[in-house]
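Enquirer: Please find one structure pasted underneath; my questions will follow.
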Amino acid sequence: MASSKLLASTLRQTLLSKFTTTHHVRPLSTAAAAAVAADYHEDTDGITMKGVKISGRPLYLDVQATSPVDPRVLDAMLPFYLSRYGNPHSRTHLFGWESENAVEAARSQVASLIGASPKEIIFTSGATESNNISVKGVLHFYKDKKRHVITTQTEHKCVLDSCRHLQQEGFEVTYLPVKSDGIIDLDQLRSAIRPDTGLVSVMAVNNEIGVIQPMEEIGQICKEFNVPFHTDAAQALGKIPVDVEKWNVSLMSLSGHKIYGPKGVGALYLRRRPRIRVEPQMNGGGQERGLRSGTVPTPLVVGMGAACELAQMEMQYDEKRIKSLQERLLNGVREKLDGVVVNGSEERRYAGNLNLSFAYVEGESLLMGLKEVAVSSGSACTSASLEPSYVLRALGVDEDMAHTSIRFGIGRFTTEAEIDRAVELTVHQVEKLREMSPLYEMVKEGINIKDIQWSQH
């Protein structure tokens, strides 16, 4: 026993001394230090991780993937980790009561941001779970009379995969195309509705290209045909005004970590009048009105509530500031580069999402060259194939341009200096890659590449 303690102590000291001398940060646990030391190295020359070396931590311009937690949100959460750690479903003592009060206060904060009643908010693990409950839960509940779902080709994967799951069970799904600007055709939606249509699901703000669908008009059509309307509003919450009454939605999926809240928590808005019913996707203790069993994670829920309250107070300021940063980025790139295309509508879009394609440049090469900027590509890369984004393909973007798309995400904590540096690095890398591109040389010489007949040897 003594020897094992001595061994553990020696190992801890060795790991921590190695870790703290190279990283100059607060010591971690033995396990965390070992994991980090194996995968991460920082010295005076920069950072090396996963075989990639960069000069320092990159600029973060990927807020559509996730946002940093606002320090004020963390302040609200910490007491529920450290001292108020009761289970909100414990009804016999103070610890449970104060946690329950905190959960209900957070429910009111989320409801207030979307113009709903707190009784219509169900806490979940995130927008993916909320989407699954909405799409599968509604159709399963009304399966005797409703066998048809309408969605769009540009939805998030979790909605599309939920619809495919329903198809395997014998339901029918209509995948509406979108126009070249990413917006759906309302006449096509109207004509697609059938007597057995059980749900229309349309994303409010697209995660990849940032376009905003005409939510009020879609809601009006659904109301006219008495069809429940679900929207994935993960990218809309806290960024554009959301009103469940104006939009006439029956169900709405929300996420905490897209609005400067913690990861691992989300919410589902479920309309009470007229009432919409869903079949629970998880069985257990019957929490959240029996629709989402499992202990509600008080600190995460408190964090999401605080994030929603901050978003309600600061949305207008954030929107104005982010719009000016987006214009700075777009103008900065366009001043120095030709062949830059904005994917999706430039008028109907959330300003913090700027998806650009750069002609005559390969997207993956551009991403690899932009190691100092944390951005994502519109194209999905696997070891075996390189397929352009299904969202951009749905817009009718040429395959070569779809391969070159980069999504720049601008958020609450993005600075002008970061935007200027991102412009500088992007312009430099695009110019460098174009210098190596024979296609770009041909275009500069006035040759129309699309007229060339390529022969196979």
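The values are calculated or read from the model by the stated rules, or taken from the named source; none is laboratory data. This structure is a prediction, so every number in the text was calculated from the model and none was measured. Positions of Cβ are backbone-derived with ideal geometry, glycine not excepted, and every protein chain shown enters the neighbour counts. Accessible surface areas use protein heavy atoms only, side chains included; no ligands, DNA or RNA. Shrake-Rupley method; radii C 1.70, N 1.55, O 1.52, S 1.80 Å.
Enquirer: Take the residues in region 260-285 that are among the hydrophobic types (A, V, I, L, M, F, W, C) and open to solvent by less than 70 Å² (accessible area, probe 1.4 Å); name whichever of them is farthest from the chain's Cα centre (by Cα).
Expert: Ile276
Enquirer: Out of (1) in contact with a Lys or Arg (Cβ under 6 Å, 6 or more places away or on another chain); (2) closer than 15 Å to Asn132 by Cα, the odd one out for Tyr269 is which?
Expert: With respect to (1) in contact with a Lys or Arg (Cβ under 6 Å, 6 or more places away or on another chain); (2) closer than 15 Å to Asn132 by Cα, Tyr269 is out only on (1).
Enquirer: Going by the structure shown, is Asp62 assigned to a helix (DSSP H, G or I) and either surrounded by fewer than 23 Cβ atoms within 10 Å (Cβ to Cβ) or in contact with a helix residue (DSSP H, G or I) (Cβ under 9 Å, 6 or more places away or on another chain) (or both)?
Expert: no
Results for (1) touching a Pro at 6+ places or on another chain (Cβ under 6 Å); (2) free of Cβ contacts under 8 Å to residues at least 40 places away in the same chain; (3) part of a loop (DSSP other than H, G, I, E, B), shown as yes or no for each residue.
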position: Thr231; (1), (2), (3): no, yes, no
position: Gln235; (1), (2), (3): no, no, yes
position: Gly238; (1), (2), (3): no, no, yes
position: Leu254; (1), (2), (3): no, no, no
position: Gly264; (1), (2), (3): no, no, yes
position: Tyr269; (1), (2), (3): no, no, no
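Enquirer: Scan region 139-158 and give yes if some residue there is among the β-branched types (Val, Ile, Thr) and in a loop (DSSP other than H, G, I, E, B), otherwise no.
Expert: Checked region 139-158: at least one residue is among the β-branched types (Val, Ile, Thr) and in a loop (DSSP other than H, G, I, E, B).
Enquirer: Across region 65-88, what is the total count of residues that are part of a helix (DSSP H, G or I), open to solvent by 40 Å² or more (accessible area, probe 1.4 Å) and not charged (D, E, K, R)?
Expert: Residues that pass the stated criteria total 5.
Enquirer: Scan region 89-130 for residues that are in a loop (DSSP other than H, G, I, E, B) and either under 27 Å from Ala65 (Cα atoms) or open to solvent by less than 10 Å² (accessible area, probe 1.4 Å) (or both) and jot them down.
Expert: Once the filter is applied, which keeps residues that are in a loop (DSSP other than H, G, I, E, B) and either under 27 Å from Ala65 (Cα atoms) or open to solvent by less than 10 Å² (accessible area, probe 1.4 Å) (or both), region 89-130 yields Gly115, Ala116, Ser125, Gly126.
Enquirer: Let me ask something additional. Only one of Glu224, Glu208 is acidic (Asp, Glu) and more than 22 Å from the chain's Cα centre (by Cα); which?
Expert: Glu224
Enquirer: Oh, and also: When you scan region 293-402 for helices (runs of 4 or more DSSP H) that lie fully inside it, which ones turn up with 1 or more residues that are in contact (Cβ under 8 Å) with a residue 40 or more places away in the chain and under 20 Å from Glu431 (Cα atoms)?
Expert: Ranges flagged: 298-336, 363-369, 399-402.
Enquirer: Sticking with this structure for a sec: Condition first: assigned to a loop (DSSP other than H, G, I, E, B) and β-branched (Val, Ile, Thr). Now tell me which residues in region 159-189 satisfy that.
Expert: Ile183
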